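The values are calculated or read from the model by the stated rules, or taken from the named source; none is laboratory data. For clarity, every value in this text was computed on a predicted model and none was experimentally measured. So basically every Cβ, Gly included, is an ideal-geometry build from the backbone, and we count neighbours across all protein chains shown.
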Amino acid sequence: MRQNTCIFDSAGRSKCTVSTWTQWCLRSAAVLCVLLSRNAADDVCPSSCVCTRDSGTVTCPADGDETEIPTDIPEWTSALILKGRNISTLPRGAFSANGTELDMVTLSLSYNGIQVIEPYAFLGLPRLHLLDLSHNQLGSISDRAFHGLPELRSLYLNHSVLPSAAAQLSSALSAQSLRNLHRLELVGNRLTSIPLVRLDLYNLHSLVLINNSIKSIEGDNITHLYEQRRIRVYLSLNPFRCNCELGEFYYWLKNSSQCQDAGRVLCHEPEAKRGIPVENLRGEDVDCVNENLEAVSYVFLGIVLALIGVVFLMVLYLNRGGIKRWLNNLREACRDQMEVYHYRYEQDSDPRLANVAV
């Protein structure tokens, strides 16, 4: 082992060389300090949050007027729960402020008043399995809002999507960005149709559309449902209009087991059928052919009656002279009869004639 040596120059100054062992010790100490400081930083829990290292859970409840997402989230976090904050916008890379990826599996952002999701808002969460955005006020959703989530399995958007964002939702829920999605919940969003263009999400198994404003399901969606038989759909508490336009949906409901709450899918219109399960309707209730035939029969009857009326008027017009003479004769006969009644009345009411009769 080489020792430290010192050499004195002509001016009496010393030059000392540090041994290899000393250099190695200094370097090791520096690395150790860095590791210890990093571990210490990792163990720091964000302010106003509660951290449980054993379960990997970080819970950040409402804290006054907090409007930001914590930037010092520990790298060991597997579940992050933010609730009751006024986070109006999720910007790009909202959870990767320090540029590092997190091993987070669960992210709950319910009840935060979120209004806008910008492109790539969830970058840095490549292993995220569950994302809960329920009970927010989403008015704008970028078509790349969910990019960077290749492992996402469950997405909850219950009571969150405003009508202004309903049209944007179908673009955001594309197969490219959510190719491993298994469950999609869209409860209570006043949706009027299924917000998936082709229902071709590669691994989608559960689609929950309870308590929306769906009155009918288009034929294209029914065709895709037949093709994607693994999908299970939930459609109760929607105001279905039970007329002939519901035919394809009715037969799908009767012949397929994909709708898990078929017994609770009820008619809302017309009034005569309100509350009746759609699957309990008769075939003729949703048969457009019979309905069209019935409409045609009523139209034909109306035409026939109109023709009869026209013929009757023509007969009257052609015989107007004879009818006029007949009416005059009838009037004269009535007048003569009334004069006879009047004459008899005058005789009966004359008191002199009454005395003569006595």
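Name every residue in segment 65-97 that is closer than 22 Å to V116 by Cβ and of a type in the set (G, A, S), in order of residue number. Reasoning before the result, please.
Step one: filter segment 65-97 for residues closer than 22 Å to V116 by Cβ, giving 65-71, 73, 80-97.
The answer is G84, S88, G93, A94, S96, A97.
Any idea which of (1) among the charged types (D, E, K, R); (2) at pLDDT below 90; (3) out of contact with any helix residue (DSSP H, G or I) (no Cβ under 6 Å at 6 or more places or on another chain) is the one R92 doesn't satisfy?
(2)
Identify, by number, the condition in (1) more than 24 Å from the chain's Cα centre (by Cα); (2) among the charged types (D, E, K, R); (3) at pLDDT 90 or above; (4) under 21 Å from N221 (Cα atoms) that K254 doesn't meet.
Among (1) more than 24 Å from the chain's Cα centre (by Cα); (2) among the charged types (D, E, K, R); (3) at pLDDT 90 or above; (4) under 21 Å from N221 (Cα atoms), the lone unmet condition for K254 is (1).
Inside segment 44-77, can you point out the residues that are part of a loop (DSSP other than H, G, I, E, B), buried (at least 18 other Cβ atoms within 10 Å of the Cβ) and modelled with pLDDT of 90 or more?
Correct list: T77 only.
Name the pairs whose Cβ atoms lie under 7 Å apart, with the first residue in segment 147-163 and free of Cβ contacts under 8 Å to residues at least 60 places away in the same chain, the second β-branched (V, I, T), and 6 or more positions between them or separate chains?
Pairs found: N158/V187; H159/V187.
Does segment 85-110 hold any residues that are surrounded by fewer than 16 Cβ atoms within 10 Å (Cβ to Cβ), under 23 Å from the mean Cα position of the chain (by Cα) and part of a loop (DSSP other than H, G, I, E, B), and which are they?
S88
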